[in-house]
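The values are calculated or read from the model by the stated rules, or taken from the named source; none is laboratory data. Model, not experiment: these values are computed from the prediction. With ideal geometry, Cβ positions are generated from the backbone for all residues, glycine too; neighbour counts draw on all protein chains shown.
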Amino acid sequence: MVRAALESRRRIGQGPVTGAAYIPAASVAIASLLACLPIVSLSGWFPDFGFLLLIAWRLLRSDVWPSWWAAPLGLFNDLVSGYPIGLSVTIWTASMLALDLLDRRTIWSDYWTEWLLASLLLLLSEAAQWQVAGWAGASVPFSAMIPPLVISIAAFPIAAWVISRIDRWRLNSQ
C-alpha cells in the first residue's frame with residue numbers, strides 16, 4: 001500500500017518524453033533503415049521491418065497516426081530499401097486507410113484479430129511487391145515470397161511487443 005502511494009507520487013508531474021509525438025515515425029524510419037544492413041542473401045528472406053512496425057504502431061495506438069504519415073514514411077522506405085518509388089507509398093497509405101476504415105466499422109478487436117489483420121496486410125503487401133516485380137520484368141515465382149511472408153507474420157507479435165515497450169517509455173508510464 002505504501003509502496004503504491006510512493007510510486008504514484010513519483011509519477012505526478014511527469015509527462016511524455018520530449019518529442020513523444022515524433023517517436024512513432026522515427027521508430028518506423030529506423031526500422032526501414034534495417035534494410036541497409038550488410039546482409040547477403042540470394043533471396044530476400046527478411047521482412048519489410050518498416051511496414052511491420054507501421055502496422056504494429058497503428059494497431060496499438062491509432063490516435064498517434066494521422067493517415068498522411070504513411071506517404072512520407074513510405075517514400076523514405078522506398079528510397080532506403082530500393083523499391084520502386086511509390087510502391088511503399090501506395091501500399092502503406094492504402095493500409096492506413098484500410099485500418100482507419102476498419103476502426104470505424106468494428107466494435108472491438110483482440111490480439112488474434114490484430115494478428116490476423118496484420119497477416120492479411122503483410123500478405124497483400126508481398127503480393128503487390130511480387131506483382132510490381134513481374135511488371136518490371138522479373139520472373140520471380142510467388143514461392144520466393146513465402147519465406148519473408150512467414151517470417152513477417154511470425155515476427156509481428158515481437159514487433160507489437162517492442163512497440164508497446166517503446167510506447168510505454170514514450171509516455172513515461174513505467
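Would you confirm, using the coordinates I've provided, whether A128 is at pLDDT below 85 and outside any loop (DSSP other than H, G, I, E, B)? Before you say what the answer is, go through the steps one by one.
Details: at pLDDT below 85: no; outside any loop (DSSP other than H, G, I, E, B): yes.
When the stated conditions are applied, A128 does not pass them.
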Could you please tell me which pairs satisfy a Cβ distance under 6 Å, a separation of 6+ or placement on different chains, a first residue in the range 124-140 that is without any contact (Cβ under 8 Å) to a residue 40 or more places away in the chain, and a second residue that is part of a helix (DSSP H, G or I) and of a type outside the set (F, W, Y)?
-> E126/M145; E126/L149; W130/M145; V140/A133
May I ask you to say which residue of L53, L59, L87 is more than 22 Å from W161 (Cα to Cα) and surrounded by 12 or more Cβ atoms within 10 Å (Cβ to Cβ)?
-> L87
Go through the range 102-123 residue by residue and tally those that are of a type in the set (A, V, I, L, M, F, W, C) and within 14 Å of the chain's Cα centre (by Cα).
-> 7
Before we move on, is A98 more than 13 Å from the chain's Cα centre (by Cα) and either surrounded by fewer than 12 Cβ atoms within 10 Å (Cβ to Cβ) or in a helix (DSSP H, G or I) (or both)?
-> yes
Name every residue in the range 101-119 that is farther than 20 Å from N77 by Cα, assigned to a helix (DSSP H, G or I) and hydrophobic (A, V, I, L, M, F, W, C), in order of residue number.
-> L101, L102, W112, W115, L116, L117
Looking at this structure, is L6 within 21 Å of S152 (Cβ to Cβ), at pLDDT below 95 and in a helix (DSSP H, G or I)?
-> no
Complete set of residues in the range 145-173 that are under 18 Å from A29 (Cβ atoms) and crowded, with 19+ Cβ neighbours inside 10 Å = A159, I163, D167, R170
